[in-house]
Amino acid sequence: MDIRSLYIDELKSLMTDMGQPAFKAGQLFDWMHKKHVESYDEMTNLSKDLREKLKKEQPYTVLKLEERYVSDLDGTRKYLFALSDGNFIESVFMRYKHGNSVCISSQVGCRMGCRFCASTLDGLERNLKPSEMLEQIYAIERDTKERVSNVVVMGTGEPLDNYDNLIRFYKLLTDEKGLNISGRNVTVSTCGIVPNIYKLADEHLSLTLALSLHATTDEKRKEIMPIANSYTIEELIEACTYYFKTTGRRVSLEYSLIGGVNDSTAEAEALGRIADKIGAHINLIPVNSVKEREYRRGDRASIEAFKNKLEKNANNVTIRREMGQDINASCGQLRHRRINLTDYD
């Protein structure tokens with residue numbers, strides 16, 4: 001575990017092992033997680049000898065900004081970052097009336113294979129360390145000079161497939177001595193790894209869980225999402241019910257609308273029934289067209305009709321505001337283009 005992924009008590013042990021007073025851990029933590037410095041050299045209240053020793057013994061995780069795109073439509077920023085091993089990840093910065101939000105990646109690539117998503121095109125390379133997840137936020141704050149108040153783990157990767165690092169990331173992110181983001185302002189999206197939904201519920205965290213459902217029958221879901229071959233919708237409903245009862249936190253249902261595939265009136269009615277069972281809010285997402293994928297979004301009229309059907313049945317539903325459409329801000333597109341040298345329409 002690298003130094004920027006350590007809890008403050010672990011840093012105290014490290015300092016003691018290095019022959020340093022334990023209070024140095026607090027100074028280190030402040031530099032890394034509050035001031036977001038990019039090197040030990042900037043930690044001016046640490047002795048030069050300690051800084052040199054840390055350089056030799058404790059690699060310092062920092063991301064290199066490779067590409068940045070700023071939307072002319074709404075100011076959304078899309079980032080491509082390089083990792084120390086030569087891999088690439090991407091993140092998105094979005095401004096809302098309620099505060100700034102950052103969507104981060106949790107893995108390099110993804111192995112879930114959802115058939116509408118660019119993130120899975122190149123498979124899974126590896127999990128991200130907690131520090132690499134945090135550093136996406138820190139690097140964006142350094143770049144924008146603006147405070148981030150909401151974090152969405154909904155970029156490249158399946159967060160619950162990187163479970164232990166996700167939990168450590170969350171606890172560091174919400175630590176009052178660090179960035180101190182409210183746990184309620186953190187959303188974690190999953191395609192539905194049922195055992196880890198139960199495990200997450202038992203952590204008793206205050207984060208919001210978002211389930212990527214995208215279909216209302218197991219047969220249709222298997223066509224769209226390979227994870228459906230492992231877990232049925234009924235199992236997902238039971239897991240989400242347990243999550244709500246255990247944490248008191250309402251689950252959000254993410255539903256990507258694919259033209260002519262999952263956007264019929266019957267499917268709107270079935271989605272409403274599923275949401276009622278678990279008391280979930282429904283977030284409709286008009287699917288982004290990806291060159292290598294066959295799925296396309298329906299027209300605006302069909303999207304509105306789907307939403308209206310849900311609202312008539314008294315479901316709580318929103319259509320996700322589309323951000324950064326002119327800069328390919330949906331997850332996976334920028335990384336895939338970089339590593340495969342392909343272009344998008």
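When you go through (1) in contact with a helix residue (DSSP H, G or I) (Cβ under 6 Å, 6 or more places away or on another chain); (2) surrounded by fewer than 19 Cβ atoms within 10 Å (Cβ to Cβ) one by one for LEU11, which number turns out not to apply?
(2)
Inside the range 88-99, can you point out the residues that are surrounded by 17 or more Cβ atoms within 10 Å (Cβ to Cβ) and not β-branched (Val, Ile, Thr)? Give the steps one after another, and end with the answer.
So in the range 88-99, the residues surrounded by 17 or more Cβ atoms within 10 Å (Cβ to Cβ) come out as 88-94.
Once the filter is applied, which keeps residues that are surrounded by 17 or more Cβ atoms within 10 Å (Cβ to Cβ) and not β-branched (Val, Ile, Thr), the range 88-99 yields PHE88, GLU90, SER91, PHE93, MET94.
Given the criterion touching a residue at least 24 places away in the same chain (Cβ under 8 Å) and in contact with a Cys (Cβ under 7 Å, 6 or more places away or on another chain), identify the matching residue among SER106, SER91, SER101.
Working: SER106 fails: in contact with a Cys (Cβ under 7 Å, 6 or more places away or on another chain); SER101 fails: in contact with a Cys (Cβ under 7 Å, 6 or more places away or on another chain).
Within the list SER106, SER91, SER101, the selection yields SER91.
Of the residues that sit in the range 67-87 and are within 21 Å of MET323 (Cβ to Cβ) and among the charged types (D, E, K, R), which one is surrounded by the most Cβ atoms within 10 Å (Cβ to Cβ)?
Applying the filter and picking the extreme gives LYS78.
Let's see how each residue does on (1) surrounded by 16 or more Cβ atoms within 10 Å (Cβ to Cβ); (2) under 24 Å from MET94 (Cα atoms); (3) modelled with pLDDT of 70 or more:
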site: GLU311; (1), (2), (3): no, no, yes
site: VAL317; (1), (2), (3): yes, yes, yes
site: ALA329; (1), (2), (3): yes, yes, no
site: ARG337; (1), (2), (3): yes, yes, no
site: ASP343; (1), (2), (3): no, yes, no
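Given the residues LEU236, LEU205, which is the only one that is hydrophobic (A, V, I, L, M, F, W, C), touching a Gly at 6+ places or on another chain (Cβ under 9 Å), assigned to a loop (DSSP other than H, G, I, E, B) and modelled with pLDDT of 95 or more?
Within the list LEU236, LEU205, the selection yields LEU205.
Just name the residue that is modelled with the lowest pLDDT out of those in the range 46-76 that are of a type in the set (A, V, I, L, M) and in a loop (DSSP other than H, G, I, E, B). Give the derivation first.
Within the range 46-76, the first condition is being of a type in the set (A, V, I, L, M), and the residues that meet it are 46, 50, 54, 62-63, 65, 70, 73.
Narrowing further to those that are in a loop (DSSP other than H, G, I, E, B): 46, 62-63, 73.
Details: LEU46: 97, VAL62: 98, LEU63: 98, LEU73: 89.
So the residue we want is LEU73.
Condition check: over 21 Å from LEU173 (Cα atoms), surrounded by 13 or more Cβ atoms within 10 Å (Cβ to Cβ), at pLDDT 95 or above and of a type outside the set (Gly, Ala, Ser). Does LYS24 satisfy that?
no
Just one of SER212, SER131, SER149, SER182 is closer than 26 Å to GLY26 by Cα, in contact (Cβ under 8 Å) with a residue 24 or more places away in the chain and in contact with an Asp or Glu (Cβ under 6 Å, 6 or more places away or on another chain); which is it?
Values: SER212 fails: closer than 26 Å to GLY26 by Cα; SER149 fails: in contact with an Asp or Glu (Cβ under 6 Å, 6 or more places away or on another chain); SER182 fails: in contact with an Asp or Glu (Cβ under 6 Å, 6 or more places away or on another chain).
Answer to the check: SER131.
Can you tell me which of TYR242, TYR295 is within 20 Å of THR120 (Cβ to Cβ), assigned by TED's automatic domain parsing to the domain that holds ASN185, of a type in the set (Phe, Trp, Tyr) and touching a residue at least 40 places away in the same chain (Cβ under 8 Å)? Show your work before the answer.
Values: TYR242 fails: within 20 Å of THR120 (Cβ to Cβ).
TYR295 is the lone residue from the list that is within 20 Å of THR120 (Cβ to Cβ), assigned by TED's automatic domain parsing to the domain that holds ASN185, of a type in the set (Phe, Trp, Tyr) and touching a residue at least 40 places away in the same chain (Cβ under 8 Å).
The values are calculated or read from the model by the stated rules, or taken from the named source; none is laboratory data. Bear in mind that the values here come from a model prediction, so they are computed numbers and not experimental data. Here Cβ is always computed from backbone atoms with ideal geometry, including for glycine, and neighbour counts include all displayed protein chains.
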